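Participant: My questions all concern the structure below.
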Amino acid sequence: MERTFAMIKPDGVQRGLAGEIIARYERKGLRIVGMKIMQVTEEIANAHYAEHVGKPFFKGLVEYITAAPVVALVLEGANAVAEVRKMNGATNPANADMGTIRGDYAQEVGRNIVHGSDSVESAEREIAIYFKPEELLSYDYLPNKWLYE
Ligand code: IDP
Ligand code: MG
C-alpha cells in the first residue's frame, strides 16, 4: 500500500467541487487516511512548492494557494501516487484529457483545482508539511477485500 498527498485547491473549494472530487477518489477505491479543511499560510506554501522558488509563476502560485481554504487529503491504495496523478490529469487543464478532474473541471494552469504528489518521496515530504502523524488514521477498510486479489 502506498500513500499520497492530494489537495483540493482554493478554486475547487470555492466552486463547490470538493465533495465531487473526494467522491471520485473514494470511488476509485482509495482509502482516506487524513483529511482537513485548512488555510494554507505563506510559510506552508513556500515549503510545499520549494522546487518552484524563483520561477516566473511562483508568486502567483503562492497567492493562489493561500487565497482561501483548501482540503488536504492523504489517500492510500496500491500505486496511490500514480493513480491520483492520472485521475487529476495534466498540469495544464487545456492539455488534460476529458474524464480527468482537471480536464472536466478546469481551464487554466494557474487555476487547476487539484494537487497530487509526483513520487513516493514527494508524498512523504508533503504529508509531513500538512499533517501531524496522529492526524493520519489506519483502520479496517472493508472494500479492500474486493479491490485487491
Ligand atoms: P503539478 O501540480 O502537476 O505537479 P507542477 O509543475 O509541480 O505541476 O506545478 C505546481 C503548480 O504550479 C501547478 O499545479 C500549477 O498550479 C502551478 N503552475 C505550474 N506551472 C505554471 C505556469 O506556467 N503558470 C501558472 N501556474 C503554474
Ligand atoms: Mg508538482
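Participant: Please give the residues of region 53-83, grouped as numeric ranges, whose backbone N is less than 20 Å from a label point set 7 Å along the Cα-to-Cβ vector of residue 36.
Facilitator: Counting backbone N atoms under 20 Å from the label point, the list is 65-76.
Participant: By the scheme Lys and Arg +1, Asp and Glu -1, what is the net charge of all other residues having a beta-carbon under 13 Å from that of residue 32? Each step should come with its number before you reach the end.
Facilitator: Working: positive: 3, 24, 27, 28, 31, 36; negative: 26, 76, 135.
Here the charged neighbours net out to +3.
Participant: If a/c stays under 1.5 just call it rounded; otherwise compare a/b with b/c (prolate if a/b is bigger, oblate if not). Do that for region 30-149, with a ≥ b ≥ c from the square roots of the Cα gyration tensor eigenvalues.
Facilitator: oblate
Participant: Same structure, new question: Longer than 21 Å from Cα to Cα, which of 28/145; 36/59; 59/86 are they? Say none if no pair is.
Facilitator: Values: 28/145 14 Å; 36/59 25 Å; 59/86 27 Å.
Violating the 21 Å Cα-Cα cut-off are 36/59; 59/86.
Participant: Take the alpha carbon atoms of region 88-149, find their radius of gyration, then divide it by 2.2 N^0.38 Å using N residues; give the quotient.
Facilitator: Normalised Rg, Cα atoms only: 1.47.
Participant: Angle, helix 18-28 long axis vs. longest principal axis of the chain, Cα atoms, 0 to 90°, nearest 10?
Facilitator: Once rounded, one gets 40 degrees.
Participant: Chymotrypsin sites (Phe, Trp or Tyr not before Pro), restricted to region 90-149: which are DSSP loop and have at most 14 other Cβ atoms within 10 Å? Working shown, then result.
Facilitator: Working: sites: 105, 130, 131, 139, 141, 146, 148; in loops: 131, 139, 141, 148.
Here the sparse-neighbourhood loop sites are 139, 148.
Participant: Rounded to the nearest 500, what is the 222 nm mean residue ellipticity of the chain from helices alone, with -39500 (n - 2.57) per DSSP H run of 4+ residues and division by all residues? Numbers along the way, then the final one.
Facilitator: Values: 8 runs with 60 residues, N = 149.
One gets -10500 deg cm²/dmol as the mean residue ellipticity at 222 nm.
Participant: Let me ask something else. What accessible area per residue comes out for the chain, rounded to a whole number of Å², with a 1.4 Å probe?
Facilitator: Working: 8120 Å² over 149 residues.
So the chain comes to 55 Å² accessible per residue, rounded to a whole number.
Participant: Ignoring ligands, DNA and RNA, what percent of the accessible area of the chain is carbon or sulfur (1.4 Å)?
Facilitator: On the way: 4300 of 8120 Å².
Carbon and sulfur: 53 percent of the exposed surface of the chain.
Participant: So if I place +1 on the C-beta of Lys and Arg and -1 on the C-beta of Asp and Glu, and nothing else carries charge, what would the dipole magnitude of the chain be about its Cα centre? I want it in debye, nearest 20. List each step's numbers first, then the result.
Facilitator: Numbers: 17 positive and 21 negative charges, 61 e Å.
Computed about the Cα centre, the dipole is about 300 debye.
Participant: Can you grab the distance from the C-alpha centre of region 27-65 to the C-alpha centre of region 98-149, Å, no decimals?
Facilitator: 12 Å
Participant: Report the gain in length on full extension from residue 90 to residue 67: 0.36 nm times residue separation, minus Cα-Cα distance, nm rounded to one decimal. Kindly include the intermediate steps, with their values, before the conclusion.
Facilitator: Numbers: separation 23, 0.36 × 23 = 8.28 nm, distance 2.28 nm.
Here the segment from residue 90 to residue 67 would lengthen by 6.0 nm.
The values are calculated or read from the model by the stated rules, or taken from the named source; none is laboratory data. Nothing here was measured: the structure is a model prediction, and the numbers come from that model. Cβ atoms come from the backbone with ideal geometry, glycine included; neighbour counts cover every protein chain shown. To get the accessible areas, we keep the full protein, side chains included, count just its heavy atoms, and leave off ligands, DNA and RNA. Shrake-Rupley method; radii C 1.70, N 1.55, O 1.52, S 1.80 Å.
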